[in-house]
Each structure stands twice: as C-alpha cells, then as structure tokens.
Amino acid sequence: MQLLWVVVMGLLGAFGAEGEEALCQILGSPEFPMLSKKGDVTIGGAFTIHTKISVPPLSFTDTPPPLTCSSMNLIDFHLAQTMIFAIEEINNSSSLLPNISIGYRIYDSCGSTLSSMRAVMALMNGQERTVGKTCSGQSAVHAIIGASDSSSTIVMSRSTGAFQIPVISYFATCACLSNRKEFPSFFRTIPSDFYQSRALAQLVKYFGWTWVGAVRSDNAYGNNGMATFVEAAGLEGVCIEYSEAILWNNPREQIARVVEVISRASSKVVVAFLSQWEMDVLLEEALAQNLTGLQWVGSESWITIDRLATRRSSAVLGGTLGFTLSKSKIPGLREFLLRVGPAQDPNNTLLREFWETTFSCRFSPQQEKDGGPRQSQCSGSERLEEISNPFTDTSELRFSNNVYKAVYAVAHSIHDLLTCRHGEGQGVNRNCTHRDSIEPGQVLRYLRDVNFPMKSGERVYFDENGDPTAIYELVNWQRDQAGETVFVTVGNYNASLPNGDQFAMNGIQIVWAGNPLKRPRSVCSDSCLPGFRQAQIKGMQVCCFSCIPCAAGEISNLTDSAKCTQCSLEYWSNGDKSRCVPKVVEFLSFDETMGILLAAISLVGACLTTVVSLVFFCFRETPIVKASNSELSFLLLFSLTLCFLCSLTFIGRPSEWSCMLRHTAFGITFALCMSCVLAKTIAVVIAFQATMPGNTVPQCSIPLQRISVFSCTLLQVVICVLWLALAPSVPFKNTAHATEKVILECDVGSAVGFWAVLGYIGLLALLCFVLAFLARKLPDNFSEAKFITFSMLIFCAVWITFIPAYVSSPGKFTVAVEIFAILASSFGLLFCIFGPKCYIILLKPEKNTKKHIMVKSHAKSQ
C-alpha cells in the first residue's frame, strides 16, 4: 500500500498532467459510477457495494482490463441509498440550500484499497474512460462520502488531501486518521478508535478480566485499534495473553491456526477488534472447531451485524459484549428504501442486481451453462415490503445515521459558503462565492466550522482533528422469547465526560457466555486477599503473580495490592495483616503479676522496717539500743522505709511527675541511708579509739554525726536538683527496642545525671565498706562493724550485678531489675544491721543487760 502511494504521488507531483495520464493508464478507471445524478454541486460516494474482487493478470504492455466485483453487500447498498435519500431531502428543503441542487456520483470500492484508488481517481478526475484516455485534472465532486473501511479511507484521504477535497467517512475508525498533518482534508461522523479502544479497556477492567486474548484485522483498522487497546489495557492492569491477526481472504489453514490458539489459551475472554468480514470467516472456523464457552468482546464494526447474530452462531457468540454507535431514527427513510428497484432506472445494472439478490430471481433466462440451482424469473413487480433483510431493516440505523449526518454536514458547509457565513454565530464574510464557482477547498474550510442540529436533536460538529464526540452504547447479545438474538443496551460510554464518569452501566441484567447467570472469570492468577501482596512470577506478565504475606508491621487493606504499607511507629499490623492497630503499650503496671509481687514485697519491707522501729522505740532504754546509737538507728530505719516505698514510684504508667520523682527519690533516700550507715561506722570507730574500755562516746561526736549525715545527703540533693533543672527524666515511647510494641519508659534525660546519682551512692557505700572492714575485729557486743561490712558487701554485690542486668533487660524488665536492686539492698541493710539486735531484744533478753555487755567487752578487750 505504501509503495502504491509513493507511485501515485510521484506521478502526480513530478510529471503534472502527464503524470495524471500515466496514473489513469496504470489504475484504469471505473467505466461509469454505479449511481449518479447531476446537480449544481456534486457529492461523491464510495461504498463497499460488492465484497469480492477479482484482479485480472497484468501484462504491463496493454491497458489493464477493468476489475470485476461480485457478491452484493446489501448493508452498504442500504448506506448508499441513505446518502441518496439525504441528498433528495436537502434538494426538497426550502431552508437549506434553496434553489441549489445537489448531485451525486457513487462508486463501488469493493472493500479493496486498489478499487478504492480507482474510485477516488474517477471522483477527482470527473471523466470516465474516454478515447483520449486523459485525466482532466479538475475534481468533479466537492466532497466525498466514504469509505467503508479504514484502509480504503486512508488511500482516498491521501489522494485527495493534496487537492483539498474533503473526505467524510461514516465507518473509518482508525485513530491514525486523526493526524491532521497527514490527512488535512479528512472528517468523519463515527468516533475514532482512540476512544473505543480505551472504552474496551475500561470494560474488561470493570468486569475484572485482567487476562484476555486478542484477535484483530490485519489492516489499518485492526492494527491501530488493537495497538491503542493494548496500551490502554496496560494502564488498566490488563494483560494480553495472545494477539493474533487475520484477514478475510487468508487461507483457511491460517484461520484454523488462530482458532486453535484461542482454544488452547487459558484466558476466557477474547477481545475481537475485527471488521465484519474477518469476523465472518473466524466465526465459521470457530463453529467448525466447536469453540464454545468463551466471553467475546467485540468492536463496533461487527457487534451489531445481524447476519452474525444467528441461532447457529449463538453457541459461540452468545452473551457477547461490545460497544456500538447509538440507535437513531430517520423519518421517511424506510419508505424511500421500499421504492428502490429497477423501475427507477431499468438500464441500471446495479438496481437489477440488487433485485435479483433480494428476491433470488433473474431478469435474464438462466442458461444451462450457468450451473447452480434454478432461479425463477424476475417480474419487477415483487414487493420489498414482504422482505426482511439488511437493506430493508431500519430498526436501529446506527451507521445509516452517520451517512445521513455526513451529507448534511457537506450541505451546511456549502450553505454557509454561499450565504457568506463562517459557521454558526461567527458573523458574515463579505467575500461570497457564487454557486457556479464553488471549489472543494472552500467547502473544506467551511466544513471545519459546521455546527448544526439534526432533526433528532443531535448536534453535528467536528473537533480540530475532524472527529465527532465519542458516544457509544454497550450492547449484550441476548435471546428473546422466540430464541432469536437481540442486541440489548446494558451501558454507555461518553468520552466528553470526566474520567471516572465516562463508562456507566444502566442496571439491565447481562447474559454471559457459557453460564448466562454467572460472569466468567479470566485471570492469570487468583486475587491476593488483604494482608498479601503481589509478587511477579519471573518470566511471566505482570498479571501472573504469586501472593506473598505482608511482613510483620506491614499491611495491605486492598485486594491485589502491589505492595504492603509499613505501619507508623506507634501502630502494628493485626493478625491477618489487613490493618494497622495501635501497638501494645508495655510498662510495669500494678495490674500484672510482676508489679503486684514487687509492690507487695516493697510494702512488706516498709512494714518490717516500721516494726523494727517500733521495737527499738519500745526498748529504747535497753543497753543494746543505747549502745547502737539510737538517733542514727531511727534515722537509718526512716531512710530504709523511704527506700522501700520509693520502689513503688517505679510501678505504674510513667508520667512527667513519676519519672522525675522515681529517680530523685531513689537517689536522695539511698544517699540518706548510706550517710546514716557511714555515720554509724565512723561512730563505732571513734568510740573504740578511747584507751579505757569503759569510756563512752565523746559528746562532740553527736553533732559531727548529724553534720556528716546532713552534708552527705545535701550533696545528693544538689546533684538531683541540677539534673532536674538541666535535663529531667521524662516519659518516652521506645519503639526501637521491640517492633511489635511500644515500651513506655522514663528517659533519664541526662545520662551524666543518672550515673552521677548512682555513682555518689556507690561512693558512700564503698566508704562504709572500707571503714566497716577496718573495724570488723571490735568486741562482739559492739561489733556493728561486722554487720555493716556484711550489709555493704551485699549492697555492693547487688548494685554491681545491677549494671549489666539493667543494660541488657528489655522493656519493663529494666524497671523490674531496678526495683529488685532497691529492695534487695534495702533488705540487706535491714536484716544485717538490725536483725541481730532484734534477735537479742526479742528472743534473748537476758543478754540485753549492761553487765553482760560490759563483761563481754572487757573480756574481749583483755
């Protein structure tokens, strides 16, 4: 085809008139138009009136013989008569082109690009074959209506574009024709496949068919339409399992191979972007191979063709879905069609052939040599009213309306030209044209601006690419009560609406292929449920995937999610990974067993300390209590009570106050405790530095003890105040340690402050331990140094083991370890220092005498 176009334009452009003459010699020219009428202006037409063409052998030495077309196509003959009806209607109009007659010249394109080229050459040249065999070079028509397919229309538009002859197609849908640079004179009254292909992609996606097969016509219509569909389907997440191309004249073996591919495929939906002729041959082979159970989705070219929708074909095509043009009504058309016949022009061979085809008769007697079944003689008086065929059918007029609108568009452009108007509402042009000097280029310019309403209310206009607004009906092949296939409108598509609103269903029940009540499934892989994500299978298309569970902390809340979404820091995925739920907040609470146990031990420790205090108070006048420095003992018992109670601040939900209180209370109470122990140790050492065993503690040591306790505690208070002032401990949600939960803890704020508090307590404990160790050999009855040494040994052991346990314990166990260290060290001090004294006071009162103490002390000192 491209080579033919190069030859044509080369001859026209390089050799001028001589080139035109050579072109006429090569292509030949139809002897006469099939249908014609003269007028002031002439509209050409090209229709596929015959569907079969025989190309004679070319000798390249003689003039090529004319092409022979056969097998009359009643559908396109109906369209050609619709064009004539529109012209006659306009000629009889008093408002549109008054006093102007429109003529027509209609040629048969035979569904072939070669024959279409011959037809357009005849329309452009205006002469039939003459003795001189020359082309005049001046167009005899002002516009051309046609052709019946995209490939033929492309040939015609490329030929006429250089001469500015407008071509208005009623059937060519190839999106390539919207290219204004390549086809500047092309218009159409049928939407571009640019929109139909996208509508088909949205349709298959709407019904969840993500795995489909595709069959197309191997021409401009099918190849361009399918390419656009594949692109649009990819954007919708639809994959194409296979894509096959056929032509109606392919060998049967090739058609059979395509049907075998369809039958072996796993997809259950077939998108057929075919012309009616390709669908004819594909259907026959599908019936031969019993190809059933598939859901067909068709293009507008064949989806409403009656001869395909038969009872026989319903086994294959039952339940078919597809987009088509809207139905319409043309008043008076049926009556006009019923008057068509050889009586209008007895010498017109086309009308005679139409009559013979319609009534299966012959005007001339059938010869024996003709063969075939015997046919009756045509009388010419047969009645078309009694015939029901594609020619007489005016129930829908989907494509007839396109021809009707195309003729009116040309008429309105000529009307605007002659009345000096540039389109509706655009003012007046003073440079008017007389009807005898109308040129196709002028019609072309005015055709771009036409905007008028039809009798039906539909408005006709073209966009900047020569295309109309794309509006489709979605039809479904269903059976009526008589068992006949009918086309039921179940939805619509309007490309002028915003995205998302273009495609809509009307609520009518759809009949499906196979099981009429059950929509077929056509997927490569089953859908991934929420909580899973798609993982593409290597070497397969994106629609073929496996379902992988989302990782912990990730979710997918939609079906067929491509990826899992990470939950935010304070949220975690639920059990089925379908939604994020708040993480479990972990802290040591009073409601759990560990918290209850630690709180109970803390209260028991505080109670024991209180009991010891009461015992010491009740026996405060006894020698052993007096010898134990009762003031420091009571202060030590008070500090131990606070140590036990301060562990309760570590239990419960951390807050700003509890976080600041727990560490400062712990630091100050333990500093007070260690200060008391240190003072007692110093007092023991000082007491036994006297030379005589009977001497008592010097009175000056009492203020010294108070000052030492106050000073040591005050220093810890200063450290805690600085800590709180500069970087206090605050509640902190720890999400780093455990991904599945939030650990609510107290951030120490300043690590230096925290370890300074602990370090200071450790320093006091170390001093106590050293002094007590040095005084460990003092007499037994005053050997507090031994018990202090042992208690400090326990204290240091606990807090030394606390450090690694604190660092390594996770979550609430960190707090538990700290509480355990507080309680263990507190119990160690209580039992080691006050346990032996309570034992003597309560169980061995005979030893709680001054005499016993003095005797033992003297003996020991000796």
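The values are calculated or read from the model by the stated rules, or taken from the named source; none is laboratory data. Remember, predicted model here, so these are calculated numbers, not experimental data. Heads up, the Cβs are rebuilt from the backbone with ideal geometry, glycines too, and the neighbour counts pull from every protein chain shown. Side chains included, ligands, DNA and RNA excluded: accessible areas come from the protein's heavy atoms. Shrake-Rupley method; radii C 1.70, N 1.55, O 1.52, S 1.80 Å.
Structural remarks
- Kirkwood analysis of segment 530-634, using all unique Cα-Cα pairs, places the hydrodynamic radius at 19.4 Å.
- Between the alpha-carbon centres of segment 559-623 and segment 473-522 there is a gap of 64 Å.
- Taking amide H as placed 1.01 Å from N in the peptide plane, L35 has its amide H under 5 Å from the amide H of I106, each at least 5 places away in sequence or on another chain.
- Calculated FRET efficiency for the pair D480/Q375, C-beta based, R₀ 25 Å, to 0.05: 0.15
- Three semi-axes of the equivalent ellipsoid, the chain, Cα gyration tensor, whole Å, largest first: 111, 28, 22
- Dipole of segment 532-582, positive direction: furthest Cα of M540, C550, N574, with charges on the beta-carbon: M540
- Rounded to the nearest Hz, the phi-derived 3J(HN,Hα) couplings of segment 584-599 under the Karplus curve 6.51 cos²θ - 1.76 cosθ + 1.60 (θ = phi - 60°) are 5, 8, 10, 7, 6, 10, 6, 8, 9, 4, 4, x, 5, 5, 5, 5, where x marks glycine and proline.
- For segment 532-582, the Kirkwood radius over C-alpha pairs fed into Stokes-Einstein at 25 °C and 0.890 mPa s yields D = 217 µm² per second.
- Which of S328, V271, S301, positive extreme of dipole for segment 265-360 (C-beta unit charges): S328
- When nucleic acids and ligands are ignored and a 1.4 Å probe is applied, I719 ends up with an accessible area of around 40 Å².
- To the nearest ten degrees, helix 784-808 and the longest principal axis of the Cα atoms of the chain are 10 degrees apart.
- In this structure R479 has an accessible area near 140 Å², from a 1.4 Å probe over the protein heavy atoms.
- Couplings 3J(HN,Hα) for segment 741-749, derived from phi with the Karplus relation 6.51 cos²θ - 1.76 cosθ + 1.60 (θ = phi - 60°), are 8, 9, 8, 8, 9, 9, 6, 5, x Hz, where x marks Gly and Pro.
- Projecting the Cα atoms of P56, A738, V407 onto the charge dipole of the chain, computed from C-beta unit charges around the Cα centre, puts A738 farthest toward the positive end.
- Order by protection proxy (mean Cβ within 10 Å, highest first), peptides 50-63, 504-517, 166-179, 250-263: 166-179, 250-263, 504-517, 50-63
- For K626, a cut-off of 18 angstrom between C-alpha atoms picks up these aspartates and glutamates, skipping any fewer than 8 places away in its own chain: D780, E784, E846.
- Only the Cβ atoms of Lys and Arg (+1) and of Asp and Glu (-1) were treated as charged; on that basis the dipole of the chain about its Cα centre amounts to roughly 5100 debye.
- Structure-based [θ]222 nm, the chain - -39500 (n - 2.57) summed over DSSP H runs of at least 4, per residue, nearest 500: -14000 deg cm²/dmol
- Principal-axis tilt of helix 656-687 within the chain, Cα atoms, nearest 10 degrees: 20
- For the pair segment 176-202 and segment 67-107, the centres of their Cα atoms are 25 angstrom apart.
- Here the peptides 602-612, 643-653, 750-760, 671-681 are ranked by packing, the mean other Cβ count within 10 Å, and the order with the highest first is 671-681, 643-653, 602-612, 750-760.
- Angle between the chain longest axis and helix 630-646 axis [Cα atoms, degrees, rounded to 10]: 10
- Here segment 532-582 is assigned +1 on the Cβ of each Lys and Arg and -1 on the Cβ of each Asp and Glu. Its dipole about the Cα centre then comes out at about 160 debye.
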